[in-house]
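As structure tokens, the structure follows; a few thoughts come after it.
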Amino acid sequence: MAIEYLKRGKSDADRAEDDAKTRAVVEATLKDIETRGDAAVRELSEKFDNYSPASFRLSQQEIDDLIAQLSDRELADIKFAQEQVMNFARAQRASMTDIEVETLPGVILGHKNIPVQSVGCYVPGGKFPMVASAHMSVATASVAGVPRIIACTPPFQGKPNPAVIAAMHLGGAHEIYVMGGIQAIGAMALGTETIDPVHMLVGPGNAFVAEAKRQLFGRVGIDLFAGPTETMVIADETVDAEICATDLLGQAEHGYNSPAVLVTNSRKLAEETLSEIDRLLGILPTADTARVSWEDYGEVILCDSYDEMLQVADEIASEHVQVMTDRDDWFLENMTCYGALFLGPRTNVSNGDKVIGTNHTLPTKKAGRYTGGLWVGKFLKTHSYQKILTDEAATLIGEYGSRLCLLEGFVGHAEQCNVRVRRYGGINVPYGAPAPYRDAAE
């Protein structure tokens, strides 16, 4: 094995130090929000966004006025993208069925898929107005049937962004607040004098938003760990440096800490991509951001074989994985750790980000090892139930239950079973004694 790094990003130690600083800031801020509520939220909004309206919640009139600022074309585009996301979410929802089965005569087991009752959707928008993120969280929650959906987004250039607000409203948000960062996450999860807390938080964000969600997990549910954007390009010589460089920088422009990684078995492609990135950074309007991400978090990894490329890709477990090789379906069949795959040169990460219909809220920081991305199922809780319909079934299950409880030393548990054996089977079992043995086949 000969895996060679032609370019490395920040070390793990440096990244851990950054994470520790973020943790401390978030912990103190959340404590302040919990203690002082609306006052803390307003101070934070003034400090970080220079924004302090009479009410952070938009009225229906304010929503209508903002939507009216959009052109017919802009509104149609938003509706088209939202419909693609909702169509796929509806198909996913249809795949999740309630079940009820009779596992033994008279024993009924089942489960129901019940929507989370209140969800807070965070839509990033301080640097770029993330219109598409509203579809991914708000519209998907709406398809799931969540009865209370609240949405928060930071002001963009000092005021609400009309396109983001339109997407939130059309997606089905019941309450819309213009606030961002830790203050939005804390207000939705902890509640304030004017905002009732939610049961679950969803949506991507910067490192501070992601860390706030992590610290609040348990108190509320979260969708997943969705921090700064990550992208990986897996490529061989079937594609050229221009498309690889474009796909890497297209995601690096998200922020100053967005990892972008090229994994290839072609030294020629690797070296040409490095040169092409330098060229594009000279003309890309967002180069000031993308350059920092590329310098600090960009990597180029040269492998000997496709098996090595697969191994490296699964170890990194990137959020977005663009596969452009002579065996794209082989990667689809064999990759196990990632957020979402984008297969072939005709598709790209921007398709998933904005319009194609799959959800773009995806796991980062190796979370793809244990979870997939946000989808309609994340807003549903699968709850089981059971019922026994006959005396015979109550007796049979009670006898097994009695003996198994005593095997573990739980006398009170066993008596719950024994009382049913006595009542429905007419079998006298002394208190705390195991029920008699009868084979289920009798």
(request) Scan region 413-427 and give yes if some residue there is in contact with a strand residue (DSSP E or B) (Cβ under 7 Å, 6 or more places away or on another chain), within 25 Å of Gly110 (Cα to Cα) and part of a helix (DSSP H, G or I), otherwise no. (result) no
(request) Enumerate the strands (runs of 3 or more DSSP E) found wholly within region 58-169, keeping only those where 3 or more residues are open to solvent by less than 10 Å² (accessible area, probe 1.4 Å), touching a residue at least 40 places away in the same chain (Cβ under 8 Å) and not hydroxyl-bearing (Ser, Thr, Tyr). (result) 119-122
(request) May I ask you to list the residues in region 210-240 that are acidic (Asp, Glu) and either open to solvent by less than 10 Å² (accessible area, probe 1.4 Å) or not in a helix (DSSP H, G or I) (or both)? (result) Asp223, Glu230, Asp236, Glu237, Asp240
(request) Give just the number: which of (1) in a helix (DSSP H, G or I); (2) without any contact (Cβ under 8 Å) to a residue 60 or more places away in the chain; (3) under 30 Å from Ala207 (Cβ atoms); (4) open to solvent by 10 Å² or more (accessible area, probe 1.4 Å) does Tyr400 not satisfy? (result) (3)
(request) Out of Ala139, Ala210, report the one residue that is at pLDDT below 95, among the small types (Gly, Ala, Ser) and out of contact with any strand residue (DSSP E or B) (no Cβ under 8 Å at 6 or more places or on another chain). (result) Ala210
(request) Answer yes if at least one residue in region 195-209 is part of a loop (DSSP other than H, G, I, E, B) and in contact with a Phe, Trp or Tyr (Cβ under 6 Å, 6 or more places away or on another chain), and no otherwise. (result) yes
(message) Looking at (1) touching a Cys at 6+ places or on another chain (Cβ under 8 Å); (2) surrounded by 15 or more Cβ atoms within 10 Å (Cβ to Cβ); (3) under 30 Å from Val146 (Cα atoms), which one does Arg369 not meet, given that it meets all the others?
(response) (2)
(request) Output the residue which, of all residues in region 428-442 that are closer than 20 Å to Leu104 by Cβ and touching a residue at least 24 places away in the same chain (Cβ under 8 Å), is least open to solvent (accessible area, probe 1.4 Å). (result) Ala435
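The values are calculated or read from the model by the stated rules, or taken from the named source; none is laboratory data. The model shown is predicted, which means the values in this text are computed figures rather than measured ones. A quick note on method: Cβ atoms are made from the backbone with ideal geometry, for glycine too, and the neighbour counts reach across all protein chains shown. Side chains included, ligands, DNA and RNA excluded: accessible areas come from the protein's heavy atoms. Shrake-Rupley method; radii C 1.70, N 1.55, O 1.52, S 1.80 Å.
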